[in-house]
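Down below is the structure, laid out as structure tokens.
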Amino acid sequence: MALNLGVLVSGNGTNLQAILDAVGRGALDARVRCVISNKSEAFALERARKAGVPAVSIAHGAYATREAFDEAVLAALGEHGVEWVVLAGFMRVLTPPFLRAWAGRVVNVHPALLPSFPGVNAVRQALAHGVKVTGCTLHFVDEGVDSGPIIAQRAVPVLDGDDEASLGARVHEAEHELLVSVLGDIAAGRVAPGARRERGGPT
């Protein structure tokens, strides 16, 4: 059975595109049932439309509380038959009721080797700390910020002369590969809700 995905986004949507491309070429046994953004101008919504996927804009500013916004997102996911939720550059912290509703079936891709450099500007943080290796992490989402159980990671070397743009581009490439790989494992039943998978190695 194909994996029925709902993808939450706030920006450009390159990780979403990686999923759509993998599904399109038959490399991922999944269907993107809907793409939801809290920002109507997010280019990710256009990527969804071009792929024939329902693109839903739910402005968080239209809701008085985080809980009310999350309820609207929950309703949209339910309407589209979603089974797993992927956070792909979604810049909102989800509330405990939302996460309880999905029972370990929400995953997030983060541009660092967690637990190092959680939160925003992870690539900038890595450069500022002078690390020689960074990377990306695919993890289950819990009530903290980038603190949920790690499913898999991919290492990316920091090269002499790297700036935020050059390093970020290589980290994003690794994110795309890792995200598709882990979703494939979920679709094949090799990763259960809330469970860990052995971490990946360097790219």
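Brief remarks follow.
- The trypsin sites (Lys or Arg not before Pro) of the stretch 101-203 that DSSP puts in a loop, and whose beta carbon has at most 13 other beta carbons within 10 Å, are Lys132, Arg190, Arg196.
- Of all DSSP beta bridges confined to the chain, the antiparallel ones make up roughly 40%.
- Label-point separation, Ala62 to Asn12 (7 Å along Cα→Cβ), nm: 2.7
- D (Stokes-Einstein, µm²/s), Kirkwood Cα radius, the stretch 1-68, 0.890 mPa s at 25 °C: 198
- Under-5 Å amide H pairs with Leu28, H placed in peptide plane, nonlocal only: Val23
- Selection of trypsin sites (Lys or Arg not before Pro), the stretch 1-80, meeting DSSP coil and at most 14 other Cβ within 10 Å: Arg25
- Inter-site label distance for Lys132 and Leu159 at 7 Å from Cα along Cβ, in nm: 1.7
- Dimensionless Rg ratio for the chain, taking C-alpha atoms and the 2.2 N^0.38 Å reference: 0.97
- Span-like helix criteria (full DSSP H runs; alpha carbon extent of at least 30 Å along the helix axis; mean Kyte-Doolittle hydropathy of at least -1.0) are satisfied in the chain by 164-187.
- In the stretch 107-173, the ratio of gyration radius to Kirkwood radius, Rg to Rh, stands at 0.96 when only Cα atoms are counted.
- Fully extended contour minus Cα-Cα distance, from Ala75 to Ala27, at 0.36 nm per residue: 14.3 nm
- The stretch 1-102, relative contact order [Cα under 8 Å, separation at least 6], %: 36
- Dipole of the chain, positive direction: furthest Cα of Ile58, Ser181, Thr134, with charges on the beta-carbon: Ser181
- Cβ charges +1 (Lys, Arg) and -1 (Asp, Glu), total dipole of the stretch 1-102, debye: 180
- The calculated FRET efficiency for the pair Val120 and Met1, based on their C-beta separation and a Förster distance of 25 Å, comes to about 0.10.
- Assuming charge only on the beta carbon of Lys and Arg (+1) and of Asp and Glu (-1), the dipole of the stretch 44-169 about its Cα centre is about 200 debye to the nearest 20.
- With the charge dipole of the stretch 1-102 set up from +1 on Lys and Arg Cβ and -1 on Asp and Glu Cβ about the Cα centre, the Cα lying farthest toward the positive end among the listed residues Met1, Ala76, Ala22 is that of Ala22.
- Compared with the alpha-carbon gap, the fully stretched path from Arg92 to Val145 is longer by 18.1 nm at 0.36 nm per residue.
- Only Cα pairs under 8 Å and 6+ residues apart enter the sum, and on that basis the relative contact order of the chain stands at 20 percent.
Readers should treat all values here as calculations from the given coordinates under stated rules, not as data from a laboratory. In this text the structure is predicted, and so the values were computed from the model without any measurement. Glycine also receives a Cβ, built like all others from the backbone with ideal geometry; neighbour counts cover every protein chain displayed.
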